[in-house]
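Okay, so here's the structure we're looking at.
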Amino acid sequence: DAGITQSPRYKITETGRQVTLMCHQTWSHSYMFWYRQDLGHGLRLIYYSAAADITDKGEVPDGYVVSRSKTENFPLTLESATRSQTSVYFCASSEWDLGYEQYFGPGTRLTVT
Amino acid sequence: KQEVTQIPAALSVPEGENLVLNCSFTDSAIYNLQWFRQDPGKGLTSLLLIQSSQREQTSGRLNASLDKSSGRSTLYIAASQPGDSATYLCAVIADSWGKLQFGAGTQVVVTP
């Protein structure tokens, strides 16, 4: 599929489990981002990446780990899920010569029980 | 720290009326500003990107203006339709990484 995809779309997991959310884009954009969206907090940046093997923390990185071994993939791992990580997670990508316009994936709804 | 504010938080208009959505930001040193639409339970769809050197950007019935010096952007939607009902978010790009700082959004309902 062309564009930016996320998997799974829905996930229920238990407290303490490790879970990985996948993000894949077909545009070869350099920049990729992970956001979480919560009622009352809006959209907040978790991690971002400027290229393969270049990542940095955003506003709310605690409890999350990212990697980027290939340009097109940017997985987000919750090392030991907590109930406070119940949220909708969005992945996005952009490119500097497109004015950094960000394109979002459809989101993953994660519930931690 | 950059703060982005959208007022009002919610708006209801009859079909055919023009919509005016406001976005303000505290630090005028931005790269660009982007407007999004989000339908319930869905992802974000990019509507318009305004580069910092531009004063406005247009796409169909949508027109967005940018006044960096006063820290404001306005999204105009002409002749609203029920299908325009959604939450509209603005976000500023404030660094060369392209990170977005979002406002809380304006929830719009267009009644037939």
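Taking other Cβ atoms within 10 Å as a rough exposure proxy, B:Lys42, B:Lys99, A:Lys70, B:Lys68 sort from fewest to most as A:Lys70, B:Lys42, B:Lys68, B:Lys99.
FRET efficiency for the pair A:Arg44 and B:Arg72, taken as 1/(1 + (r/R0)^6) with r the Cβ-Cβ distance and R0 = 22 Å, rounds to 0.40. For the segment B:1-13, counting C-beta atoms of other chains within 10 Å of every residue's C-beta and taking the mean gives 0.
Stokes-Einstein diffusion for the protein assembly as shown at 25 °C, viscosity 0.890 mPa s, with a Kirkwood radius from C-alpha pairs, works out to 136 µm²/s. Straight-distance candidates among the aspartates and glutamates for linking to B:Lys68, with alpha-carbon spacing under 12 Å and chain neighbours fewer than 8 residues away dropped: B:Asp27, B:Glu56.
Sorted fewest first by neighbouring Cβ atoms within 10 angstrom, B:Val4, B:Val110 come out as B:Val110, B:Val4. Three principal axis extents of chain B based on alpha-carbon atoms, in descending order, are 42, 28, 20 Å.
Of all lysines in the structure, those lying under 30 Å Cα to Cα from A:Lys11, and not within fewer than 8 positions of it along the same chain, are A:Lys57, A:Lys70, B:Lys42, B:Lys99.
Placing a label point 7 Å from the Cα of A:Ser67 along the Cα-to-Cβ line, the residues of region A:41-60 whose backbone N sits under 20 Å from it are A:46-58. Taking all Cα pairs closer than 8 Å and separated by 6 or more residues, the relative contact order of chain A comes to 35 percent. Shielding by partners for peptide B:34-40, expressed as the average number of C-beta atoms from other protein chains within 10 Å of each residue's C-beta, is 2. Rounded to whole numbers, the Karplus 3J(HN,Hα) couplings from phi for region A:4-15 are 10, 10, 10, 8, x, 7, 9, 8, 10, 9, 9, 3 Hz, using 6.51 cos²θ - 1.76 cosθ + 1.60 with θ = phi - 60°, and x at Gly and Pro.
The numbers here are math on the coordinates, done by the rules we state, and not lab data. Predicted model only: the values in this text are computed from it and were never measured. All Cβ positions, glycine included, derive from the backbone under ideal geometry; neighbour counts span all protein chains shown.
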